[in-house]
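In what follows, a structure is listed as C-alpha cells, so that the remarks can point back to it.
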Amino acid sequence: MSAAYVFIQSAVKDPRGVAPAMRAIAGVKQAHALAGPTDFIAYVEGENQDAIAEAVLAIRTLEGVATTDTRFVILD
C-alpha cells in the first residue's frame, strides 16, 4: 500500500466545489480546503506509486486546480 499527501493551489476565486470533486476520485480518501498558503490538501492511498500517480493526475485535471505538490508517506 502506498499513500501520499497532495498540497494543491487553487486557480479559482470560489473553491467550494473543488474538494468534493477531489473526493470523487478513486484513491482520494480525504480532501479539505485550508486557510493559508496551501488552498487544499488531499490524502491519497493506492496499491502502489502508479495508483497514486493516477489519482494525482486526475486531481490536476479538475477545474480550479492550478498546481500540485505530492509528498509520499513513508510507511514503516
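Coordinate-derived values only; no laboratory data. Since this is a predicted model, take the numbers as computed values, not measurements. Cβ placement follows ideal geometry from the backbone for every residue including glycine, while neighbour counts extend to all protein chains displayed.
Assorted remarks:
- Rounded to the nearest 10 degrees, the angle from helix 49-60 to the longest Cα principal axis of the chain is 10 degrees.
- Distance between modelled label sites at Tyr5 and Arg60, nm, 7 Å Cα→Cβ extension: 2.1
- 15 Å reach of a label modelled at Ala24, 7 Å along Cα-to-Cβ, counting backbone N of segment 32-76: 58-65
- Under a model in which nothing but the beta-carbon of Lys, Arg (+1) and Asp, Glu (-1) is charged, the chain shows a dipole of about 280 debye around its Cα centre.
- Ordering Ser10, Ile41, Ala31 by Cα displacement along the dipole of the chain toward the positive end leaves Ser10 in first place; charges were set at the Cβ atoms of Lys, Arg (+1) and Asp, Glu (-1).
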